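Worksheet: the structure to be examined is printed underneath.
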Amino acid sequence: MEIDAILSDYDGTLCPTTSINNEDNAVTKEIENILWHISEMIPVCIVSSKDFEFLHRRTRYANVTSCIMGIETLVLQRHKVMADLSTYSEIGKAERLLECRNLGCIKESFLRNQDEVLQYNSHLLYQLAELARINFDEIRIEEKFTVTGKKVLAGITLDWRNVKDWKLFKTHSEPQLKKMIIQKQNGLDSKRPNIYIQNYSTHPFLDLYSTICDKGMAYDQIISMMPIVEKRQCNVIYLGDSENDNPGFRKATVSIGIYSDTRLKPRLDCSYYLHISKLSIFLKNLLANNLQFSPSLITR
């Protein structure tokens, strides 16, 4: 079948889960270059729990980026050359986003909820992040902000992938962490909408979001914002590595689960599996086959 678009997770899919915090750009140049070539022919879209500030410089080949688990989706002006943002590492975050807007990088944006709705729970997310810092010093806190309209904290990740023994922390500390979150939320106004908690069976982190969201919603939003919806059928490859990708897997024509760490055993609703070391080979095969997918491209 001819593929019309590729939707891919970033962390753990295009780069190994264990490397994301340790390298400035964990995606290999080989994969990055292949995605640049593919994105000249069909849309390449990133569907991630990360925010735009994190993703933009790392995924310059992307035509569409759905950030913070689909809370914010951005159609992007294609960069003319791969080095367009090479100097961005020397610019502060605020200046970088301002420059991005000045360059016209963001053509269209969509928020799953209005700013005021997202802000309603952002204060709770700030409080939970502070509680986690105080009570769990092994945890790294990643805050995720929207860039559409007023900057809002829309999600946080409580991340312990740098802990030597992931399994021990998950068994003994994660239940305490969840209990703290639930107790804090239950102690607030009962009319307040609950935050959304994304659990993982083996991955070493926990995600909290200010509103209900998932990558199936992100998938639908991406498709609705692209011209390919005019076709009778849209054939999409979806690449992912964790349970939060399952809603996207279920909607895709071709779903491929990526694995890279033997400690991770997620329950994935995908049709195929591929080790991350073979991802560049698969993408090369797909490109050489004029974007015509067949299962043999995965096993070659």
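The values are calculated or read from the model by the stated rules, or taken from the named source; none is laboratory data. Quick caveat: nothing in here was measured; it's all calculated off a predicted structure. Don't worry about glycine lacking a Cβ; one is built from the backbone with ideal geometry, like all the others, and counts go over all protein chains shown.
Given the criteria more than 16 Å from residue 245 (Cβ to Cβ), under 19 Å from the mean Cα position of the chain (by Cα) and of a type in the set (Asp, Glu), does residue 207 qualify? When the stated conditions are applied, residue 207 does not pass them.
Taking first residues from segment 1-16 that are among the β-branched types (Val, Ile, Thr) and partners that are surrounded by 24 or more Cβ atoms within 10 Å (Cβ to Cβ) and part of a loop (DSSP other than H, G, I, E, B), the Cβ contacts under 8 Å between residues at least 6 apart in sequence or on separate chains come to 13/241.
This table checks each residue for (1) modelled with pLDDT of 90 or more; (2) under 29 Å from residue 124 (Cα atoms).
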residue	(1), (2)
180	yes, yes
210	yes, yes
226	no, no
233	no, no
237	yes, no
247	yes, yes
252	yes, no
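So which residues in segment 261-283 are surrounded by fewer than 18 Cβ atoms within 10 Å (Cβ to Cβ) and touching a strand residue (DSSP E or B) at 6+ places or on another chain (Cβ under 8 Å)? 269, 271, 272, 273, 275 - these are the residues of segment 261-283 that are surrounded by fewer than 18 Cβ atoms within 10 Å (Cβ to Cβ) and touching a strand residue (DSSP E or B) at 6+ places or on another chain (Cβ under 8 Å). Checking each residue in segment 265-290 for being farther than 16 Å from residue 238 by Cβ, touching a helix residue (DSSP H, G or I) at 6+ places or on another chain (Cβ under 7 Å) and among the hydrophobic types (A, V, I, L, M, F, W, C) picks out only 287.
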